[in-house]
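Working notes, structure below.
The numbers here are math on the coordinates, done by the rules we state, and not lab data. These figures come from a predicted structure and were not determined experimentally. Cβ placement follows ideal geometry from the backbone for every residue including glycine, while neighbour counts extend to all protein chains displayed.
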Amino acid sequence: MLQVPYLRENTEKALAGLAKRNKDFSATIQSIISVDESRRKLQNELDNLLAESNKISKTIGDLFKEGKREEADGMKARTSEIKEECKSIETNLTQLEEELKHLLYLVPNVPHESVVFGKGADENEVVYSSGETTNLGENKLPHWELCEKHKLIDFELGVKIAGAGFPVYIGKGARLQRALINFFLEEAQKAGYTEHQVPHLVNEASGYGTGQLPDKEGQMYHVGVDDLYLIPTAEVPLTNLYRDVLLKEEQLPIKLTGYTPCFRREAGSYGKDVRGLNRLHQFDKVEIVQLSKQEDSYALLEEMVNHVKGLLNKLELPFRILRLCGGDMGFTSSLTFDFEVYSAAQERWLEVSSTSNFETFQANRLKCRYKGTDGKTQLVHTLNGSALALPRIVAALLENHQDENGVRIPQALVPYCGFERI
RNA sequence: GGAAAGGUGGGUGAGUGGCUGAAACCAACAGUUUGCUAAACUGUCGUACGGGAAACUGUACCGGGGGUUCGAAUCCCCCCUUUUCCGCCA
């Protein structure tokens, strides 16, 4: 969430930025500023009362030691009075704090200056294109048919075991999955990211830390008995490793990677969007995360974008990079680049990675700060990106690399697969 | 799942109702000394929120939450967690 002092001191700037999201936040921000002002005023009153009470208590203690019991007893009345006052102030204060928190949860991150105004996905800007898209001619098959033909994935079987959106990978299909995971992890490690194996279930605090809660509550699977959430992305556990942590400047940037399955309820999805591997309830993904100094984060974002670019090139897939417009950007993000691969048989673009800079928006909730060499403490910037999500990569690999004899495995992947063709 | 004992600052660890935001030691940082290093000595050494131009100052925080009390790291209750023992088990 945004920081109140920032909103107070840069109201116009924040509003101008937020306007790019095609929504008006001026009323909310006005409320935030005024609620916070009342909050501070009350806090001050409370502090003063407590200070008085502390002083009296100390005096009472001294009097007891001197044996002046009655005098001490006489002073107790005032502290009781103060206590009553404090109680009512505290009630109001808690209420204001809650109100403030709720208001802050309503405001998304302020878009970066390079982000354009836009109402939705149609207005995203293509900032890079890898070139020609594959042209397959007449006999091309969509990936779900290729999967069936080559017995790579059984969607029906998954329905029996769990439900729609939980595919079963079989034989070379399963090995391809494993190969991709290893390939992505290996590439991330070469790029300086430290591999982590993290829990696939997280507690509520972690959900709030990265902003999935309260915003996207309905998107996550919730295990009621134990009050845990299945992770929708490794971003959640990875970033939360640094919740409530005070770092030293020289530790930054911190570069993390991890493979996890991701679980998403995807309520409300339907139609051709969800056919085959296009949208699943469970899928595999390798995530990269960085924590950085404020002044470095945009250079690091570019570095991450280049990393993902490299992966797609090695997989020999046609792709493009979009800079999301204000209206299509995620709640917590300040700047997001989406990567889309071309699905040659479906003749459409599929999102395979979303790489973002969250600036201090997550760090503020996470309370992840660093102490500079000047001794000043400030919030880190957090960044993350998919590098990469498997299902649509698999879809694109199968579709783009199909020929009369089956499917060709790109050279870079062969050592990980152990086979060259499907 | 059952039982017992714990959880204090970066670390070790003292503290059982007021003199404790917290001893001592270690680590870290700055300085003195030194040809350099080491050692020794001196000093600094938590976080958050608020007030102040600043020096500084108020409040809160000893796993988390609540309670008792004029006053809680210290007493009581609930939760989380660690260790050990038992049970179960990949």
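Expressed as an acute angle from 0 to 90° and rounded to the nearest 10, what is the orientation of the C-alpha long axis of helix A:390-400 relative to the principal long axis of chain A?
20
Order A:374-384, A:5-15, A:391-401, A:350-360 from most to least packed using the mean count of other Cβ atoms within 10 Å.
A:391-401, A:350-360, A:374-384, A:5-15
Calculate how steeply helix A:172-190 sits against the longest principal axis of the alpha-carbon atoms of chain A, using the helix alpha-carbon long axis, and give the answer as 0 to 90 degrees to the nearest 10.
Between helix and principal axis, roughly 50 degrees.
Summarise the long-distance tail of P(r) for chain A by giving the % of C-alpha pairs beyond 38 Å.
Cα-Cα pairs in chain A separated by more than 38 Å: 33 percent.
What length, rounded to one decimal in nm, is gained on full extension from A:K65 through to A:A412, with 0.36 nm per residue of separation minus their alpha-carbon distance?
Using 0.36 nm per residue and subtracting the Cα-Cα distance, I get 116.8 nm.
Using the 10 angstrom Cβ neighbour count as an exposure proxy, how do A:E235, A:E66, A:E404 rank, fewest first?
Ascending number of Cβ neighbours within 10 Å: A:E404, A:E66, A:E235.
Enumerate the aspartates and glutamates that A:K101 could reach by cross-link, defined here as Cα to Cα under 20 Å, with residues fewer than 8 away along the same chain left out.
A:E9, A:D24, A:D36, A:E37, A:E90, A:E204, A:D215, A:E217, A:D244, A:E359
Under 19 Å Cα-Cα from A:K68, which lysines qualify once same-chain neighbours fewer than 8 residues away are excluded?
A:K55, A:K58, A:K76
Using Cα pairs under 8 angstrom and six or more residues apart, how large is the relative contact order of the stretch A:4-106, in percent?
Value for the stretch A:4-106: 34 percent.
Of the beta bridges DSSP finds with both residues in the stretch A:121-417, what % are antiparallel, to the nearest 5?
On the way: 49 of 55 bridges.
Beta bridges within the stretch A:121-417, antiparallel portion: roughly 90 percent.
Neighbour counts of other C-beta atoms within 10 Å: give me A:Y342, A:Y128 arranged from fewest to most.
Working: A:Y342 21, A:Y128 13.
In order of increasing Cβ crowding within 10 Å: A:Y128, A:Y342.
Hey, which of these cross-link pairs are over 30 Å Cα-Cα: A:K13/A:K216; A:K23/A:K367; A:K119/A:K255; A:K13/A:K367; A:K20/A:K309? Intermediate results must be reported in sequence, preceding the final value.
Values: A:K13/A:K216 27 Å; A:K23/A:K367 28 Å; A:K119/A:K255 33 Å; A:K13/A:K367 24 Å; A:K20/A:K309 27 Å.
Violating the 30 Å limit, Cα to Cα: A:K119/A:K255.
For the stretch A:245-310, what's the relative contact order in percent, using C-alpha pairs closer than 8 Å and at least 6 residues apart? Each step should come with its number before you reach the end.
Working: 52 pairs, mean separation 27.2, N = 66.
RCO, the stretch A:245-310: 41 percent.
When only C-alpha pairs under 8 Å and at least 6 residues apart count, what is the relative contact order of chain A, in percent?
So the answer I get is 20 percent.
Quick check: Cα centre of the stretch A:141-193 to Cα centre of the stretch A:288-348, how many Å?
Rounded to whole Å, the Cα centres lie 22 Å apart.
By how many degrees, between 0 and 90 and to the nearest 10, does the Cα long axis of helix A:26-66 differ from the longest principal axis of chain A?
Relative to chain A, helix A:26-66 is tipped by roughly 40 degrees.
What's the long-distance tail for the stretch A:152-241, i.e. % of Cα pairs beyond 18 Å?
Within the stretch A:152-241, distances greater than 18 Å cover 61 percent of Cα pairs.
Under a GNM of chain A (C-alpha, springs under 10 Å), which listed residue has the highest mean-square fluctuation: A:S333, A:S292, A:S53?
A:S53
Quick one: what Rg and Dmax do you get for the stretch A:219-333 from the alpha carbons, in Å?
Just the Cα atoms of the stretch A:219-333 yield Rg and Dmax of 16.9, 50 Å.
Roughly how many nanometres apart are two label points built 7 Å out from the Cα toward the Cβ at A:K248 and A:V168?
So the two model labels end up 5.4 nm from each other.
Fewest first, what order do A:D284, A:D296, A:D47 take by the number of other Cβ atoms within 10 Å?
With the sparsest Cβ surroundings first, the list reads A:D47, A:D296, A:D284.
So which aspartates and glutamates can A:K140 reach, going by Cα to Cα under 13 Å and dropping same-chain residues fewer than 8 places off?
Within the straight-line cut-off, A:K140 pairs with A:E347, A:E399, A:D403, A:E404.
With labels modelled as points extended 7 Å from the Cα through the Cβ direction, what inter-label distance (nm, one decimal) is found for A:E302 paired with A:L50?
It works out to 4.7 nm between the two label points.
Which number comes out as Rg/Rh for the stretch A:374-422 once both Rg and the Kirkwood Rh are worked out on C-alpha atoms? Write down the numbers at each step before the final one.
Numbers: Rg = 19.4 Å, Rh = 13.9 Å.
My calculation of the ratio gives 1.39.
Can you list the residues, at least 5 places off or on another chain, whose amide H is less than 5 Å from the amide H of A:K367, using H built in the peptide plane?
Hits under the 5 Å cutoff: A:D244.
If packing is taken as the average number of other Cβ atoms within 10 Å across a peptide's residues, how do A:149-158, A:69-78 rank, most packed first?
Highest to lowest by the protection proxy: A:149-158, A:69-78.
Could you tell me, in Å, what Rg and Dmax come out for the Cα atoms of the stretch A:1-106?
Answer for the stretch A:1-106, Rg first and Dmax second: 21.1, 71 Å.
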